[in-house]
């Protein structure tokens, strides 16, 4: 299993290549959409690069559980309810959802995903693979 530093370096490289940003812009606390200007189409490229860099398979909806965010059992008026938050935490153990939980507007989730969350996700996937 690679070290946290090795994971970060490979995630940074994938983000630099996919988004055309500078190495210096990719910090653990940088948000993918807010700070690095990632768009939804970029996530396909990022996922591809992470799969290749770490020899992992990322299933559709695994990194970003759209099925929960589009389910009317969990979302009303654009906000994720308490049951939906529980489901998101189950599906996204790699992400810190504390800030999102304070204002659970669906669009906020993708805007709050950080580089560190991506590193945590890769480490989570690698641990499950062993």
Within the range 72-114: backbone nitrogen closer than 19 Å to the residue 35 label point (7 Å, Cα to C-beta) | 94-101, 108-114
Among 5-15, 39-49, how do they line up from the highest to the lowest mean number of other beta-carbon atoms within 10 Å?
-> 5-15, 39-49
Among 117, 25, which comes first, second and so on when ranked by fewest other beta-carbon atoms within 10 Å?
-> 25, 117
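Could you work out how much longer the chain between residue 79 and residue 66 gets when fully extended? Use 0.36 nm per residue separation minus the Cα distance between them, nm to one decimal. Let's see the in-between values first.
Details: separation 13, 0.36 × 13 = 4.68 nm, distance 1.35 nm.
Difference between extended and current length: 3.3 nm.
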Estimated 222 nm signal from helices in the chain, with DSSP H stretches of n ≥ 4 weighted -39500 (n - 2.57), rounded to 500 = -16500 deg cm²/dmol
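No lab work stands behind these numbers, since they all come straight from the coordinates. Predicted model only: the values in this text are computed from it and were never measured. Here Cβ is always computed from backbone atoms with ideal geometry, including for glycine, and neighbour counts include all displayed protein chains.
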